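The block underneath contains the structure these notes are about, expressed in structure tokens.
The values are calculated or read from the model by the stated rules, or taken from the named source; none is laboratory data. The structure presented is a predicted model; accordingly, all values stated were derived computationally and were not measured. FYI the Cβ positions are ideal-geometry reconstructions off the backbone, even for glycines, and counts take in every protein chain you see.
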Amino acid sequence: MGVGPLPGRKGSKMMRRWPKLGRRDLALWLGGAVCLALTVPAPSAAWAQPQPSVVRPNLGLDAPPDTRGRFAKSKLTIVTDDGRSLPFFVELATTANQRALGLMFRKDLAADAGMLFVWDEPGQRAMWMKNTLIGLDMLFLDAEGLVVGIAENAEPGSLRHIEAPEPCVGVLELNAGTTRLLSIDPGDRVVHPLLGGPAEGAMGAARPSR
């Protein structure tokens, strides 16, 4: 851009301070200064504005409504290898949506409570603890309710896949520490109508669906 002569008396006084510079020299010098100023970037608007805080993933600290009312409830019994019968009162996850939700968002679970996940046929099953706020023990079950594997103390919120040691048709989730406390081991049996057991005590038990 071109720079014209400085107007008015102030311009004349400024000219007299550098007697060795002609008008052309001074104009060129001022023009270079203006161009230099224009090439210096202005502070970014982002610098002037406060940066937003990092939004962390929601791990389900606020439970959605009615998470406890979507599941039928039923009695089951764990029969141990040494002949003990351990009664539990569990919720049944027999549909795909129920199995996907499971015990997510629960802040507590009664000592004799749990959730029984059941599929139509045996398959390789893997569980995880996404959005789950309480520690759990997981018992992997065959079609007759035989415990084929146990995963103890699954960590709340973990996305690690917990796989059954062999194809199974059901998974029983109990409070963390229950299996060790009650000496429940692989080879024990979970007795329930959905696992080939008697129907006694069943409340709203429904056949599983994919």
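Residue by residue, here is whether (1) surrounded by fewer than 19 Cβ atoms within 10 Å (Cβ to Cβ); (2) at pLDDT 95 or above holds:
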{"residue": "Ala100", "(1), (2)": "yes, no"}
{"residue": "Phe117", "(1), (2)": "no, yes"}
{"residue": "Glu121", "(1), (2)": "yes, no"}
{"residue": "Ile134", "(1), (2)": "yes, yes"}
{"residue": "Asp137", "(1), (2)": "no, yes"}
{"residue": "Leu141", "(1), (2)": "no, yes"}
{"residue": "Gly145", "(1), (2)": "no, yes"}
{"residue": "Gly157", "(1), (2)": "yes, yes"}
{"residue": "Ile162", "(1), (2)": "yes, yes"}
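Listed by position, the strands (runs of 3 or more DSSP E) enclosed by the range 93-163 that each have at least 1 residues that are more than 23 Å from Leu181 (Cα to Cα) and in the same structural domain as Thr77 (by TED's automatic domain parsing) are 113-123.
Residue-wise test of (1) of a type outside the set (Gly, Ala, Ser); (2) in contact with a Pro (Cβ under 6 Å, 6 or more places away or on another chain); (3) closer than 16 Å to Val190 by Cα; (4) free of Cβ contacts under 8 Å to residues at least 24 places away in the same chain.
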site	(1), (2), (3), (4)
Arg125	yes, no, no, no
Val147	yes, yes, yes, no
Glu155	yes, no, no, no
Arg160	yes, no, no, no
Val171	yes, no, yes, no
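The residues of the range 80-92 that are surrounded by fewer than 16 Cβ atoms within 10 Å (Cβ to Cβ) and part of a strand (DSSP E or B), listed by number, are Ser85, Pro87, Phe89.
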